[in-house]
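The values are calculated or read from the model by the stated rules, or taken from the named source; none is laboratory data. Predicted model only: the values in this text are computed from it and were never measured. All Cβ positions, even for glycine, are placed from backbone atoms using ideal geometry, and neighbour counts span all protein chains on display. Protein only, heavy atoms only, side chains kept; ligands, DNA and RNA dropped before computing areas. Shrake-Rupley method; radii C 1.70, N 1.55, O 1.52, S 1.80 Å.
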Amino acid sequence: MKNVSLADLKAFLLVARYRSFQQAANDLGVSRSSLSHAMRGLESQLGVRLLHRTTRSVSLTEEGAALLQRIDPLLNQLDTALDATRFRPQELHGTLRINANEGGARWLLAHVVDGFLQAHPQVVLDIVTEGRLVDIVADGFDAGVRLAEAVPLDMIAVPFGGPIRFIAIASPQYLNSAGIPQSPADLLQHRCIAQRLPSGKRYRWEFMQHGKPLTLNVPGNLCLDNSALLVEAVVKGLGIAYVPEPYAREAIDNGLAQQVLSPFSPPIAGLCLYYSGHRQIPATLNAFIAAIREANEAAL
C-alpha cells in the first residue's frame, strides 16, 4: 500500500473538525473539489470510508471517528515540536480563533488585543462575537469567552476582568413619573424593557432577596437582544432595563440613567477565557493567555 501523506492526514483532520469541506479548503488554501478528491484518495489508500457526504453536511463514519481519535493528539504533538524547532516564542504565527460574547470581546479590545498583536505581528487574531454558547472544539475555535457560570465544566477557565454585576437601571425622567421601585416585586407595576436571549426565550431578571435567589418575568411591551440597545432605550425613558454594569456605567456617570434596587444586585463571578484541556494547547493560545493575565493584573 502506498504510504499515506501527512498532508492528507492534516486535511482529513480539518474536514473532521469543521464538518465542512469548504471551511477546511479555505484554511488549506485549496479548492473544495481538490480537497474532496484528496479525501477520496485517502479512503482508497486505507481501504475504508472515512466520511459520510451529503449536499448539505459532512459527518464521520465509525472508522473516520476512530482515525480522528488516534491521529489528533499525534498531529498536535508534531505541530508543537515543529513550531518549537522552527520559531522562537516572539515569532509566533498562525490564526488564533476566539468565540466571545460581546462584553468579553470589548474587554479584550480595551486591554489585550493591541499589545498582543504588537508583540506577535505574525499572528492573526480572529474574534467572533455571538450570544449563543457554541461548542468551541466542534466549531473550530481555539478558545471561548463567556461568564464563568456559562463555561462548560470540562473546560479549563482563565478568569479576567473581576466580578461583574447585572443591574436594573432607568432614566431620571422615567423614575420621576413612575416612582422608584423599592423591591424586586415592585417591578411588576413598572414598564420594563425585556431582553431576548439567543435561544429565543426572554431573559428572567435575577436578584438576591433575604439571601436567596429570586427570578422575575417582568412586564413590558418592548424586547431587545442587545445590551447597548437596552441602555439606549433606558436613556430615552422607555422603562427599566436589566444589563451588565459596564454597559450602563457611562450613562450613569453622565446622569442619563440611575441604578435602582442596588441592594438586590450582588456581584457574580465575571468573564473567563476557556479552552479544552484534552488537546495540545497552541503556542499562540499560550501567549494570549499570558497577555490576558498580565492585562488583568494591571487592570485590577
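Okay, here's what the table says:
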read-out: Filtered residues of region 191-200 (kept if surrounded by 14 or more Cβ atoms within 10 Å (Cβ to Cβ) and either modelled with pLDDT under 95 or over 29 Å from Arg132 (Cα atoms) (or both)); value: Ala194, Gln195, Arg196
read-out: Where Ser5 falls short, out of the listed (1) crowded, with 17+ Cβ neighbours inside 10 Å; (2) without any contact (Cβ under 8 Å) to a residue 12 or more places away in the chain; (3) hydroxyl-bearing (Ser, Thr, Tyr); value: (1)
read-out: Filter result (crowded, with 16+ Cβ neighbours inside 10 Å and in a strand (DSSP E or B)) within region 128-150; value: Ala143, Gly144, Val145, Arg146, Leu147
read-out: Single residue of Ala100, Ala66 found to be aliphatic (A, V, I, L, M) and within 30 Å of Pro244 (Cα to Cα); value: Ala100
read-out: Which numbered condition His52 fails, given (1) loosely packed, with under 14 Cβ neighbours inside 10 Å; (2) closer than 19 Å to Pro282 by Cα; (3) touching a Ser or Thr at 6+ places or on another chain (Cβ under 9 Å); value: (2)
read-out: Flag for Leu271 being closer than 30 Å to Gly94 by Cα, surrounded by 14 or more Cβ atoms within 10 Å (Cβ to Cβ) and not charged (D, E, K, R); value: yes
read-out: Subset of region 243-300 (residues that are basic (Lys, Arg) and either in a helix (DSSP H, G or I) or modelled with pLDDT of 95 or more (or both)); value: Arg249, Arg293
read-out: Identity of the residue in region 228-242, open to solvent by less than 20 Å² (accessible area, probe 1.4 Å) and either assigned to a helix (DSSP H, G or I) or among the aromatic types (Phe, Trp, Tyr) (or both), that ends up farthest from Met208 (Cα to Cα); value: Ala233
read-out: Residue check for Leu153: open to solvent by 50 Å² or more (accessible area, probe 1.4 Å), touching a residue at least 12 places away in the same chain (Cβ under 8 Å) and part of a loop (DSSP other than H, G, I, E, B); value: no
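One line per residue, one yes/no per condition, for (1) among the aliphatic types (A, V, I, L, M); (2) open to solvent by less than 40 Å² (accessible area, probe 1.4 Å):
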{"site": "Gly103", "(1), (2)": "no, yes"}
{"site": "Ser171", "(1), (2)": "no, yes"}
{"site": "Asn176", "(1), (2)": "no, no"}
{"site": "Ile180", "(1), (2)": "yes, no"}
